[in-house]
Each structure stands twice: as C-alpha cells, then as structure tokens.
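*Asks:* Starting off with a structure, shown below.
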Amino acid sequence: MIFVTGGAGYIGSHTCVELLNAGYDVTVFDNFCNSNPEALKRVEQITQKKINLVEGDCRNRAAMVKVLKESGATAVIHFAGLKAVGESVEKPNAYYDNNVVGTLRLLEAMQECNVKTLVFSSSATVYGDPIKLPLTEDHPLAPTNPYGRSKWMIEEILRDLYHSDHAFKIAILRYFNPVGAHVSGLIGEDPQGIPNNLMPFVAQVAVGRRDSLSIWGSDYATPDGTGVRDYIHVVDLAIGHLKALEALRAINSEKMNSCLTINLGTGQGYSVLDVVRAYEKASNKRIPYQIAPRRLGDIAACYADPKRAFDMLGWQAKLGLDEMCANSWHWQSNNPSGYQQK
Ligand code: NAD
Ligand code: WQD
C-alpha cells in the first residue's frame, strides 16, 4: 500500500493512475485545498480500481499515524503542498507552515509507524537563476522566493534525516515544468482562478475562457527572446515516481546510498513562442497574444540534465511537446471548466 499525500492534485492524480495500473494499492490523503475529489473518481474510472481516500491535513500528525497504521502503508509519495510562487511572496508563513511543517509532521508519523520509504516532490526552482545549463543535480542551490526556499529547506531536512537513520530510503525528485494531461482526457490540470503557469493559461485562451495571452518578455538572451523551459509531460513525470519507488525498493543494504536527488526533466528547452505554436497546431485554434514586460523573478532559460534519472532509475521522458499540447487540449476541450461541471 502506497500512502499518497496530495494525491488528488494535478501530479498526484496522474501518479495514482500509474500506481494503480502497476498493481499497487493506493491511499490518498488530501485536504482538497487545491483540488477536487472528482479527480479521484476519474482516476478510478480510468483504472477500474478503487482508491482508499482519507480527507486530512499533513500538519495533523495523529491523523496520518492512524491512516498509515490502518492502511498498512509501506511507502509514501509526498505531493501535498502549496505551489504558487507569487502567493508565497505575499504569504510566506502559509508556505513554510504548509510545506515545511507539514513535511516534518509527516516524517514524525512515518517514524512512529516505521515506514521509511519516501518519494518527495521537489522542484527545479531550488536551483534559482542557473549559473550553468543544463542543470545537473550538483548545481548550487539558491532559490529566490519563499516557495522555492520551502522546498530547499525540506530537502535539507530529508538529507539530515537520512544521515541520522540510514534505514530511510528517500528520493528527492526535482521536477522541471510539468504540463499535459492523461491521454483519456478525464484528468488534467485544473488551476483555481487565473492560471499562473503558461500551458494552462494558453489552454484557457484556446477554449475561449480568456481573450489573449501576455508573453512576459521578448528580450531574453534566448533564440527568439522569450523564456525557455523544460516542459515535461505529466504522465512521464508520474512514471518517474514509480521508477523511483522501484529503485528505492531495490536498495537492500544500508551501506548503499539511499538518499537520491534526481532531476525529472526532458533535457529539451522550448520557448514561450514554441509552446504557443505547438498549442495552435494541437487545438487548431489561434492563440492571440501580446508582448508584455518581463515577470518579476523570471529567468531566461532553465532545462535539465536528465542523465542521472536514466542512470539511476532507468527513466527518461518519452512524450514530446506535441503530445503535451494535444493531451492538454483534449482535457481542456472536454472539461472547459475543469472538474467543476457547468
Ligand atoms: P496541486 O496543488 O495540484 O496538488 C497538491 C495537492 O496537495 C492538492 O490536492 C492539495 O489539495 C493538497 N494539499 C496541499 N496542502 C495540503 C496539506 N497540508 N494536507 C493535505 N493535502 C494538501 O499541485 P501539483 O502541481 O500536483 O504539485 C504536487 C507537488 O509537486 C507539490 O508539492 C508541488 O510543490 C510540486 N511541484 C509542482 C510543480 C508544478 O509545476 N506543478 C513543479 C515542481 C514541483
Ligand atoms: C513558463 C514561461 C514565463 C505565463 C513555475 C514555478 C516553478 C515550478 C513550475 C513548482 C516563462 C512565461 C508564463 C504567462 C508567459 N513550479 N509565461 N505568460 O515560471 O518556469 O515555473 O512553475 O515548483 O517553481 O516558478 O513556469 O509556466 O509560469 O512560465 O509568458 O501568462 O512562460 O515568463 O518564461 P516557470 P511558468
């Protein structure tokens, strides 16, 4: 049984599909602060399997102890957390409380229940402004906002925990820019309010929910002047979690390093204009846009060196930008208002 915090969210729901399809039992623990239980009903529809769902908050240690014990969980995938960079600047306490304190409570609960295998959602945001590209895992860490610092702090906590107890098996996965949706069109990204991120914004323009896209800057030192990112299909990302779980399980000696830090990206950078063009092709819609000033805190380019993931997990991304856009569009056009039926 795998205990999945934040399993109703965007990446969590796609990972639940892959876990269930691979034969794992899944318990989702989520407070639905940024998700809808409907996502898990859809996961059950896709997989024809049942999820054990418990509504709860990761800052509640006792609640997690109870669920870990009752479910017989042997490993944890920890997605739960807040993730909006701008909001984290406005409300840093909320981010440190939810992300850092929530993780500490989870680790205490795991220790109490002797569950010592953990896959953690970190982010490429821990690198800050890249000194050198592509980003390797040993690049210096210099996050530039409270959200990123919360992820960096959690990483440090996990490394300290591992040094104190080598029975822990931990995979710290640094995601690049997850996009796209499950091929069924039944689950996908469903941001509340105005999307912060590029692809969900473009999707909402394509479906007619928003008039036009603002491109935040066209004067970067990139091939076409717009920001370059390593977009990764959410299904590839989900499969990366399974590979990480399997790799941790295969480590059978406390003498082997079992605290792994791994980039999950494709290694390929695409510009904002590349994404707009690919989305226009996938949706057969025009995406009107205007060039706007740079967004505060944005960097010119960011993409992964994904070699370690291949060497350590035998994982590499398979799906390209066209599939990311086609699957995003399938989800968005079938569910113009996300999980909220209108
Ligand atoms: P999401 O908001 O869709 O999912 C997070 C889930 O956690 C939601 O279902 C939310 O209700 C739940 N949650 C939040 N706080 C909780 C708490 N205290 N207790 C219980 N449940 C709680 O986000 P996502 O895009 O699926 O991201 C999952 C993880 O991956 C997050 O930790 C995020 O920081 C990280 N990450 C995301 C991205 C991205 O661009 N989407 C990139 C890098 C890292
Ligand atoms: C991508 C590109 C924008 C919106 C963020 C977080 C990061 C991680 C992933 C969690 C940039 C441009 C965007 C728009 C635009 N999340 N853009 N108009 O900023 O790389 O990463 O999400 O860990 O921590 O910082 O992703 O999708 O917001 O932006 O022009 O309306 O699209 O300037 O070049 P980002 P993004």
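*Asks:* Of everything in region 172-203 that's assigned to a helix (DSSP H, G or I) and within 11 Å of ligand 2 (Cβ to nearest atom), which residue is surrounded by the most Cβ atoms within 10 Å (Cβ to Cβ)?
*Replies:* Result: Val202.
For every residue, the table says whether it meets (1) among the aromatic types (Phe, Trp, Tyr); (2) within 11 Å of ligand 1 (Cβ to nearest atom); (3) closer than 24 Å to Leu313 by Cα.
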site: Ala203; (1), (2), (3): no, no, no
site: Arg210; (1), (2), (3): no, no, no
site: Trp216; (1), (2), (3): yes, no, no
site: Gly225; (1), (2), (3): no, no, no
site: Val234; (1), (2), (3): no, yes, yes
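*Asks:* Among the candidates Ala63, Ala8, which residue alone is more than 22 Å from Ala171 (Cα to Cα), away from ligand 2 (no atom under 16 Å from the Cβ) and modelled with pLDDT of 95 or more?
*Replies:* Ala63
*Asks:* Name the residue, out of Ala250, Ala244, that is among the small types (Gly, Ala, Ser), more than 30 Å from Gln204 (Cα to Cα) and touching a strand residue (DSSP E or B) at 6+ places or on another chain (Cβ under 7 Å).
*Replies:* Step by step, each of Ala250, Ala244 is checked, and only Ala244 is among the small types (Gly, Ala, Ser), more than 30 Å from Gln204 (Cα to Cα) and touching a strand residue (DSSP E or B) at 6+ places or on another chain (Cβ under 7 Å).
*Asks:* Let me ask you something else. For a quick check of your reading: which helices (runs of 4 or more DSSP H) sit entirely within region 1-78 and have at least 2 residues that are out of contact with any Phe, Trp or Tyr (no Cβ under 7 Å at 6 or more places or on another chain) and closer than 22 Å to Leu186 by Cα?
*Replies:* 10-21, 38-47
*Asks:* Another question, then. Of everything in region 121-156 that's away from ligand 2 (no atom under 11 Å from the Cβ) and closer than 19 Å to Ala244 by Cβ, which residue is surrounded by the fewest Cβ atoms within 10 Å (Cβ to Cβ)?
*Replies:* Asp138
*Asks:* Moving on to the next point. Do we have any residue at all in region 211-227 that's under 29 Å from Ala142 (Cβ atoms), open to solvent by 10 Å² or more (accessible area, probe 1.4 Å), touching a Pro at 6+ places or on another chain (Cβ under 6 Å) and of a type in the set (D, E, K, R)?
*Replies:* Scanning region 211-227, I find no residue that is under 29 Å from Ala142 (Cβ atoms), open to solvent by 10 Å² or more (accessible area, probe 1.4 Å), touching a Pro at 6+ places or on another chain (Cβ under 6 Å) and of a type in the set (D, E, K, R), so the answer is no.
*Asks:* Quick one: which of Ala109, Ala8 is away from ligand 1 (no atom under 11 Å from the Cβ) and open to solvent by less than 10 Å² (accessible area, probe 1.4 Å)?
*Replies:* That would be Ala109, the only listed residue that is away from ligand 1 (no atom under 11 Å from the Cβ) and open to solvent by less than 10 Å² (accessible area, probe 1.4 Å).
*Asks:* Name the residues in region 163-209 that are over 15 Å from the mean Cα position of the chain (by Cα) and among the basic types (Lys, Arg), would you?
*Replies:* Passing the criteria: Lys169, Arg209.
*Asks:* Considering (1) under 19 Å from Leu260 (Cβ atoms); (2) assigned to a loop (DSSP other than H, G, I, E, B); (3) open to solvent by less than 40 Å² (accessible area, probe 1.4 Å), say which one Tyr162 fails and leave the rest.
*Replies:* It fails just one condition, (2).
*Asks:* For Leu118, all conditions in the list (1) more than 15 Å from ligand 1 (Cβ to nearest atom); (2) open to solvent by less than 50 Å² (accessible area, probe 1.4 Å); (3) within 22 Å of the chain's Cα centre (by Cα) hold save one; what is the number of the exception?
*Replies:* All conditions pass for Leu118, except number (1).
*Asks:* Moving to a separate point now. If Pro143 meets every condition in (1) under 30 Å from Gln290 (Cα atoms); (2) part of a loop (DSSP other than H, G, I, E, B); (3) touching a residue at least 60 places away in the same chain (Cβ under 8 Å) apart from one, which number is that one?
*Replies:* Going through the list (1) under 30 Å from Gln290 (Cα atoms); (2) part of a loop (DSSP other than H, G, I, E, B); (3) touching a residue at least 60 places away in the same chain (Cβ under 8 Å), Pro143 breaks only (3).
*Asks:* At least 1 residues that are open to solvent by less than 40 Å² (accessible area, probe 1.4 Å), touching a residue at least 60 places away in the same chain (Cβ under 8 Å) and more than 24 Å from Gly227 (Cα to Cα) in each: list the helices (runs of 4 or more DSSP H) lying fully within region 243-342 that qualify.
*Replies:* It comes to 307-313, 321-334.
The values are calculated or read from the model by the stated rules, or taken from the named source; none is laboratory data. None of the values given here were measured: they were computed from a predicted structure. Positions of Cβ are backbone-derived with ideal geometry, glycine not excepted, and every protein chain shown enters the neighbour counts. In case anyone asks, the SASA skips ligands and DNA or RNA and just uses the protein heavy atoms, side chains included. Shrake-Rupley method; radii C 1.70, N 1.55, O 1.52, S 1.80 Å.
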